[in-house]
Amino acid sequence: MQLTVARIGRAHGLKGEVALDVRTDDPDTRLATGSVLRTEPAEAGPLTVARVRVHQGRYLVTFAEVTGRDRAEELRGTTLVVDADVSDEEDAWYPHELAGLRAELLDGTVVGEVEGLEHLPAHDVLVVRETGGVRSLVPFVREIVPVVDVPGGRVVLDPPGGLLARDAEKVVDERADLDEDS
């Protein structure tokens, strides 16, 4: 399995330095000088970290194979990846561990399947393909996803009303009923 370490952003300066959108919780280890990272697409790498620094909260990296701005710009959008095993932390999962898990409610009702994990500014969200085919984004926080059972092949959801697409129609119907009663 591959773990996404970062996505290469825009070039910074003229000497080949690039900004990274970091996706790992351990950037100091993954992006250490001398680290060799594979790329997606594969033909863009592998890339060897020659220098790393943090500037205004953003990781800026120079790769040994990149000597100028033009080459740095060519790498924009490239994903840096490493091989990863199953996470050994109790409350941490890699996206590849979550994809394909059955999504169910507290009462066991199956609502769909986890397609993946998206990293948003506030927090991560599970991408759930509901049984009706609609995608829902579920905040990946303990209050809404109290159980992640990778060996059991499931996540348990406790969503507030209207979060899932299947519930949105019920909320609209309930509001219409309230409007009629007024």
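The values are calculated or read from the model by the stated rules, or taken from the named source; none is laboratory data. Computed from a prediction, not measured in an experiment: that's the story for all the values here. Because the Cβ atoms are built from the backbone with ideal geometry, glycine has one as well, and the counts that use them run over all protein chains shown.
Can you find a residue that is assigned to a loop (DSSP other than H, G, I, E, B), assigned by TED's automatic domain parsing to the domain that holds ARG7 and modelled with pLDDT under 85 anywhere in the stretch 43-50? Looking for residues that are assigned to a loop (DSSP other than H, G, I, E, B), assigned by TED's automatic domain parsing to the domain that holds ARG7 and modelled with pLDDT under 85, one finds at least one in the stretch 43-50, hence yes. Tallying residues that are of a type outside the set (A, V, I, L, M) and either under 12 Å from LEU80 (Cα atoms) or buried (at least 18 other Cβ atoms within 10 Å of the Cβ) (or both) within the stretch 28-42 yields 6.
Residue count for the stretch 43-59 under the criterion of being surrounded by fewer than 16 Cβ atoms within 10 Å (Cβ to Cβ) and out of contact with any Asp or Glu (no Cβ under 9 Å at 6 or more places or on another chain): the result is 5. Here GLU97, GLU104 are screened, and the one residue that is within 26 Å of HIS123 (Cα to Cα), touching a residue at least 24 places away in the same chain (Cβ under 8 Å) and assigned to a strand (DSSP E or B) is GLU104. Being in a loop (DSSP other than H, G, I, E, B) and at pLDDT 70 or above is the filter here; which residues of the stretch 148-182 pass it? Correct list: VAL150, PRO151, GLY152, GLY153, ASP158, PRO159, PRO160, GLY161, GLY162, LEU163, LEU164.
Suppose the filter is more than 28 Å from PRO151 (Cβ to Cβ) and either in the same structural domain as PRO160 (by TED's automatic domain parsing) or touching a His at 6+ places or on another chain (Cβ under 8 Å) (or both); does LEU31 pass it?
No: the conditions fail for LEU31.
The set of residues in the stretch 148-166 that are surrounded by fewer than 18 Cβ atoms within 10 Å (Cβ to Cβ) and closer than 17 Å to HIS96 by Cα comprises ASP149, VAL150, PRO151, GLY152, GLY153.
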